[in-house]
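Taking it in order: structure first as structure tokens, then the write-up.
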Amino acid sequence: MSGSDYAIAAESLLDELLSRRLEVVKIPSGDGYIRVPIITNPEWYSKICKRFLNSRKRYPKPRTIIRRCNMIAALNNIISRRYKSCGGLRQDTEYFKRLKPTLRERLEYIRETPQVAVESSNHYVVDSTPW
């Protein structure tokens, strides 16, 4: 995959990540409350978070090491091609390594689904509408 391919996939993932954020409400239940999600994170983001868990003595449940702000920054860097080294896309950063399989899956989905319109800085547009 070339840098522009990664940028196309990253733009799609970034749009999805920015438009969806976990929102939870508490609903009375018996003698307490239960937490119910109203809006969930994108599936790809949840999968990455589940893959990179960290457990501590202080918290009984494992917590992810993935941070939303770092993920957004990494996607923005891929889109603006700041991950460059020797003329190519720098692929040694941790977030790039974590995102790489997801970027490939998203690009395959974009290529297989011609109805999906992705405009990435006027250099790639997929549209099945006949003119």
Cα gyration tensor category, rounded, prolate or oblate, for the stretch 12-87 with a/c compared to 1.5: oblate
Lysines whose Cα lies under 30 Å from that of residue 97, excluding same-chain neighbours fewer than 8 positions away: 47, 50, 57, 61, 84
Per-peptide average of other Cβ atoms within 10 Å, ordering 55-66, 4-15 highest first: 4-15, 55-66
For residue 93, distant residues with modelled amide H under 5 Å away: none
Sequence-distant residues sharing a close amide H with residue 64 (under 5 Å, placed H): 54
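A short reminder: the numbers here are calculations on the coordinates, not readings from a lab. In this text, all values refer to a predicted model and were calculated from it rather than measured experimentally. Quick reminder, even Gly has a Cβ in these numbers, built from the backbone with ideal geometry, and neighbours come from all protein chains shown.
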